[in-house]
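Pasting a structure here, questions to come.
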Amino acid sequence: MIEAGMDVARIGLAHGTLDEQVEKFQTVRTVAADLGRHVGIIVDLPGPKIRCAPFADGGFELLEDTQISLGVDGSESSGDLINVDYPDLINDVQLGDTLSFADGKVILTIENREGDRLKARVLYGGKLEGRPGLHVPSDRLRLTSPTDDDLALLDTFVELGTDMVAVSFVRSAHDIRRLGVEPAPRGPLVIAKIETKAAIQNLEGIIEASGAVMVARGDLGSEADIEELPHLQKHIIQECIALGRPAITATQMLESMVFAPTPTRAEASDIANAVFDGTSAVMLSGETAIGRDPINAVRTMATITARADEKFNYESWAERIQALRRRSKSAATYLRVTDALTMAAARTATETDADAIICLSRSGFTVRSVARFRPTVPLFGMTFDDRTANQLSLSWGTRPLIFNEQSTPAGTEQEALDSAARMGVVRSGDTVVVVSGSSAETHATDTLRVLRVP
């Protein structure tokens, strides 16, 4: 999958045992090292996700207009009784509520409460298998995110050195702060999954508190009216662009390829349109977790996104970002300096017909800032920190490279150029735009130079 185009591996902690997930983590690290690639790892915390007790092999088909029971005290589910892992379900759900399973594959309405069971009628039937998720309207739930189980899992993967952590069912910036991790790159880059109505209402604060954002269209599509989902996706991506955070578009992007060898035409258009909206990354889920040909799914997505990048409207993009940033009245001075300089870097690279942009960065902030402007030349994020390099694998169009920091800014700049030449990404005589910050204390990206590689 790495050779087919995978830049980041997401490990969903809602499935399998901790030992299995640790083994996956170590496998990704080993294979990436063997290939000489920086592949970021996201550990995706389960959050207050309600899941069904497992169905027997082969699952069950729920038929429309039949009645089934919901319980909370069983270890397995069947076609007549679905048990879930949320003890307060009986009290939290109200008569008339609509619940959905497996990202809307099956939809029920609650008709009655009988002791420790809920009686529901199947509005839209379908097959349920494994441990599908159950979506309950978020304003009904007393669960908070991250859960105690999330924090325990996170401790394990922080110790292992995970690059990123995704927080499920975020409702406010407070949920992000509750993780208690060190700021990236000392700690993992925190990704807020936007999948509740509350998250939309508190979107700006959540983005500012996060390192990146995921448009988690599965549960968000269950929370919002379906006709609103495309507009919410565009809105979230726009806000990420305005605030300088990478955006990931996720869920059902190539869903048909769980079984089929080729995607639907609608799926291909969906991926391309996400690229045109400005998303930094697109994500596969079931296609690579349980799909019959994960390598083909990755290769297909990489091909579609590469073609969309070719047709991207680069000329108007910088002006669009400027307009979005002007809406943000609270931008700190160093952010305004960074905006101006990184936009100038992208424009300078184009106007001088440069061969590359080299960004020198400890934290990845400078590289992500330049990547927002979608420069038309190769973009290299050069850092001296392995975790920063892995975190940069999430940024649009960025190739992370490791080099050795020197004692002076001039020495560091020269070592970066020499390292890039040794790695073969630039050659003698190439014109290179170099972007950096002159001080770690100011956080500002404030130095831009155009150099010729000796």
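The values are calculated or read from the model by the stated rules, or taken from the named source; none is laboratory data. Everything numeric in this text was worked out from a predicted model, so none of it was measured. Quick reminder, even Gly has a Cβ in these numbers, built from the backbone with ideal geometry, and neighbours come from all protein chains shown.
Looking at Ile226, Ile236, which one is of a type in the set (A, V, I, L, M) and modelled with pLDDT under 95?
Working: Ile236 fails: modelled with pLDDT under 95.
Within the list Ile226, Ile236, the selection yields Ile226.
Residues to consider are Arg362, Arg320, Arg347, Arg336; find the one that is surrounded by fewer than 17 Cβ atoms within 10 Å (Cβ to Cβ) and in a loop (DSSP other than H, G, I, E, B).
Arg362 is the lone residue from the list that is surrounded by fewer than 17 Cβ atoms within 10 Å (Cβ to Cβ) and in a loop (DSSP other than H, G, I, E, B).
Right, here's the next one. I'm told Ala356 meets every condition in (1) out of contact with any His (no Cβ under 7 Å at 6 or more places or on another chain); (2) crowded, with 23+ Cβ neighbours inside 10 Å except one. Can you identify the failing condition by its number?
Looking at each condition in turn, Ala356 falls short on (2).
Evaluate the following for Ile295: is it in the same structural domain as His174 (by TED's automatic domain parsing), part of a helix (DSSP H, G or I) and under 23 Å from Asn390 (Cα atoms)?
no
Working only within the stretch 356-392, note down all residues that are touching a strand residue (DSSP E or B) at 6+ places or on another chain (Cβ under 7 Å) and either of a type in the set (Gly, Ala, Ser) or at positive phi (or both).
Passing the criteria: Ala356, Ser361, Gly364, Ala371, Gly381, Ala389.
Filter the stretch 205-252 down to the residues that are acidic (Asp, Glu) and more than 17 Å from the chain's Cα centre (by Cα) and list them by number.
Initially, the stretch 205-252 is screened for residues acidic (Asp, Glu), giving 208, 219, 223, 225, 227-228, 239.
Selection gives Glu223, Asp225, Glu227, Glu228.
Identify the single condition in (1) of a type outside the set (Ser, Thr, Tyr); (2) more than 19 Å from the chain's Cα centre (by Cα); (3) within 28 Å of Val377 (Cα to Cα) that Pro263 does not satisfy, given that it satisfies every other one.
Result: Pro263 passes all but (3).
Which of the following residues is surrounded by 15 or more Cβ atoms within 10 Å (Cβ to Cβ), assigned by TED's automatic domain parsing to the domain that holds Glu159 and either in contact with a strand residue (DSSP E or B) (Cβ under 8 Å, 6 or more places away or on another chain) or in a loop (DSSP other than H, G, I, E, B) (or both): Ile42, Ile2?
Numbers: Ile2 fails: assigned by TED's automatic domain parsing to the domain that holds Glu159.
Criteria check complete, one pass: Ile42.
Applying the selection to the stretch 371-387, what residues are crowded, with 24+ Cβ neighbours inside 10 Å and among the hydroxyl-bearing types (Ser, Thr, Tyr)?
Result: Thr383, single match.
Can you list the helices (runs of 4 or more DSSP H) lying wholly within the stretch 167-282 that have 1 or more residues being without any contact (Cβ under 8 Å) to a residue 24 or more places away in the chain? Give the steps one after another, and end with the answer.
On the way: elements: 173-177, 197-201, 203-209, 217-223, 229-243, 265-277.
Those helices (runs of 4 or more DSSP H) span 173-177, 197-201, 229-243, 265-277.
Could I ask something else about it? Here is a list of conditions, (1) in a loop (DSSP other than H, G, I, E, B); (2) over 27 Å from the mean Cα position of the chain (by Cα); (3) crowded, with 22+ Cβ neighbours inside 10 Å, and Ala416 meets all of them except one; can you say which number that is?
(1)
Could you check how many residues of the stretch 260-278 are among the small types (Gly, Ala, Ser) and under 17 Å from Ile295 (Cβ atoms)?
Residues meeting the conditions: 1.
Could you say which residue among Glu204, Glu195 is touching an Asp or Glu at 6+ places or on another chain (Cβ under 7 Å), closer than 24 Å to Leu229 by Cα, buried (at least 18 other Cβ atoms within 10 Å of the Cβ) and among the acidic types (Asp, Glu)?
Checking each option against the conditions leaves just Glu195.
Residue-wise test of (1) at pLDDT 95 or above; (2) out of contact with any strand residue (DSSP E or B) (no Cβ under 6 Å at 6 or more places or on another chain); (3) closer than 17 Å to Met6 by Cβ.
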site: Ser280; (1), (2), (3): yes, no, yes
site: Thr288; (1), (2), (3): yes, yes, yes
site: Ala302; (1), (2), (3): yes, yes, yes
site: Ala306; (1), (2), (3): yes, yes, yes
site: Ser316; (1), (2), (3): no, yes, no
site: Glu319; (1), (2), (3): no, yes, no
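If you take just the strands (runs of 3 or more DSSP E) that sit entirely in the stretch 53-146, which of them hold at least 1 residues that are farther than 30 Å from Ile194 by Cβ?
60-62, 67-71, 81-83, 106-114, 117-124
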